[in-house]
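J.: Sharing a structure below in structure tokens format, with a few things to ask.
The values are calculated or read from the model by the stated rules, or taken from the named source; none is laboratory data. Since the structure is predicted, the reported quantities are computational estimates derived from the model, not experimental observations. Note that each Cβ is placed from the backbone with ideal geometry, even for glycine, and that neighbours are counted across all protein chains shown. Just so you know, the surface numbers come from the protein's heavy atoms only, side chains and all, with ligands and any DNA or RNA stripped out. Shrake-Rupley method; radii C 1.70, N 1.55, O 1.52, S 1.80 Å.
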Amino acid sequence: SIMHGNRDFLIGKRLAAYVPELSDLKADLAEAYPDIRFDTLTTHAVWDAVPMAGRRFPLIVFSHGMNTMRVFYTTLVQDLASDGFVVAAVDHPFWTIASAFPNGGGQRLADGMAVRDQLTSEQIDGFMEDGIRAMAVDQGFVATRLAAADGRFSTIIDPARIGVMGHSMGGIDRKSVV
């Protein structure tokens, strides 16, 4: 998810879904969170909002914590965007509850969280160390791609002002992001 703050664009527009890939992830979310009806949650975001002309904004790449997903941080991401940041919230496969890829593939609950439940404590520690490094690589990749001169967001991202942040596991290795 990419969010940026052009509040004027919200007037009269249909708001984005809280979980854009809900049709692909509904079964996994229902299994992990049976009491939450994700189809009833709303955002204050609009798909393909037109950026404010003539300005460049700092980019923040945000990573979720273990066993969560980017949409759980929608309020935080929206708040940062409303303060003038472009925010790219990333789902990290096998560390998120489930994820859907644009090509139709994805990672299911049983492939991520459920597999980790079968590991020993020592195996989980090693797995987490690898996962933290992988998250840092993902963050660097996203930041580089979004700020690239030929990228879709290159006209609104200030390449001199890029940062990363995350919750718990998603923020541990931020200093290693290249």
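J.: Anyone know which of 93, 102, 20 comes out most mobile in the 10 Å Cα GNM of the chain?
T.: 102
J.: Let's see if you can work this out: charge +1 on each Lys and Arg Cβ, -1 on each Asp and Glu Cβ, no other charges. What is the dipole magnitude of the range 61-128 about its Cα centre, in debye to the nearest 20?
T.: The dipole of the range 61-128 has a size of about 180 debye.
J.: Given points 7 Å out from each Cα along the Cα-Cβ axis, report the residue 38 to residue 144 separation in nanometres with one decimal.
T.: The answer from the label model is 3.0 nm.
J.: Just round it to a whole percent: the fraction of Cα-Cα distances in the chain exceeding 26 Å.
T.: Within the chain, distances greater than 26 Å cover 32 percent of Cα pairs.
J.: Right, another one. From the phi angles alone, apply the Karplus equation (6.51, -1.76, 1.60; θ = phi - 60°) to the range 151-160 and give each ³J(HN,Hα) in whole Hz, x where the residue is Gly or Pro.
T.: x, 4, 9, 4, 7, 10, 8, 8, x, 8
J.: Taking only DSSP H segments of four or more residues, each worth -39500 (n - 2.57), what value at 222 nm results for the chain once the sum is divided by all its residues, to the nearest 500 deg cm²/dmol?
T.: -9000 deg cm²/dmol
J.: Something else about it: Starting from the coordinates of the alpha-carbon atoms of the range 43-86, obtain the Kirkwood hydrodynamic radius over all distinct pairs and give the value in Å to one decimal.
T.: Answer for the range 43-86: a Kirkwood hydrodynamic radius of 11.9 Å.
J.: Please give the solvent-accessible surface of residue 92 in Å², to the nearest 10, using a probe radius of 1.4 Å with every protein chain present.
T.: So the heavy atoms of residue 92 present about 0 Å² to solvent.
J.: Can you pull the percent of Cα pairs in the range 46-133 with separation above 19 Å?
T.: Every Cα pair in the range 46-133 considered, those over 19 Å come to 51 percent.
J.: Still on this structure, please answer the following. Does a label point 7 Å from the Cα of residue 165, set along Cα-to-beta-carbon, have any residues of the range 54-70 with amide nitrogen under 15 Å, and which are they?
T.: The answer is 58-65.
J.: For Cα pairs less than 8 Å apart in space and 6+ apart in sequence, what is the mean separation divided by the residue count of the chain, i.e. the relative contact order in percent?
T.: 28 percent
J.: May I ask you to give the percent of accessible area on the chain that is carbon plus sulfur, with a probe radius of 1.4 Å?
T.: 55 percent
J.: To continue, here is another question. Per-residue HN-Hα couplings for the range 126-142, Karplus 6.51 cos²θ - 1.76 cosθ + 1.60 at θ = phi - 60°, whole Hz, x for Gly and Pro?
T.: x, 4, 5, 4, 5, x, 4, 5, 5, 4, 5, 5, 4, 4, x, 4, 4
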